[in-house]
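Okay, structure first, notes after.
Here, each number is a calculation from the coordinates, and none is a lab measurement. Keep in mind it's a predicted model, so treat the numbers as computed, not measured. Every residue, glycine among them, receives a Cβ derived from its backbone with ideal geometry; neighbour counts consider all protein chains shown.
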Amino acid sequence: MLRVLLVEDNEMNRDMLTRRLEKRGYSILVAMDGAQGLAAAQQLQPALILMDMSLPIMDGWEATRRLKNDSATRHTPVIGLSSHAMAADRERALQAGCDDYDTKPIDLERLIAKIEQCLAAHAIAS
C-alpha cells in the first residue's frame, strides 16, 4: 500500500481527502502545517506528498523548497493543492518544486490521475 503524506491545515479537507484516498487503497499520513509536513516527509519517506500551499507555521511553498533541497526527500513527488486557481499560482508552485498542482475544491478523479502520473514518472526516473 503506497503511503501518501497529506499536509493540510483544514480539518474538513483533511478528513474528506483521507477517507476518499484510503478507499482508493492509499495509506494516508497527515501533517497539519508546513513544518510538521517537512519533518514527517523526512522521517516517514512517503511515496508522494499532497501539499496545501497556504499553511500556518511554514507555508507549502517554503516546505516544498526545503523538501526539494534535501537529498533525502528531493525525489519525492509533491502535488501542490490550493484554492488559488490563477495560472500564476500554478507557476509559483511549480517553481517552488511541486511536480504538479491541483485546485480546490478537489475533483477526486482528477487528483487520482495526477497522483498516478507523478508516481509513474517517479518510478521511471528511479
*Just add up the charged neighbours of Pro77: K/R +1, D/E -1, any other residue whose Cβ is under 10 Å from the Cβ of Pro77.*
-1
*What are the residues whose amide H is under 5 Å from the amide H of Leu81, where those residues sit 5 or more places off or on another chain and H is modelled from the backbone?*
Met51, Asp52, Met53, Asp102
*Please work out whether the range 1-62 counts as rounded, prolate or oblate from its C-alpha gyration tensor, where a ≥ b ≥ c are the square roots of the eigenvalues and a/c under 1.5 means rounded, while otherwise a/b larger than b/c means prolate and anything else oblate?*
oblate
*Amide H to amide H, which residues 5 or more places from Leu48 or on other chains are under 5 Å from it, using H placed in the peptide plane?*
Leu5
*Does the range 55-126 come out rounded, prolate or oblate by the C-alpha gyration tensor, with a ≥ b ≥ c the root eigenvalues, rounded set by a/c under 1.5 and, if not, prolate when a/b is larger than b/c and oblate if not?*
oblate
*asked:* I want to make sure I understand the PRE zone here: with the label point 7 angstrom from the Cα of Glu109 toward its beta carbon, which residues in the range 1-28 have backbone N atoms less than 20 Å away?
replied: 17-26
*Using only the Cα atoms of the chain, build the gyration tensor, take square roots of its eigenvalues as a ≥ b ≥ c, and label the shape rounded, prolate or oblate: rounded if a/c is under 1.5, else prolate if a/b is larger than b/c, else oblate.*
rounded
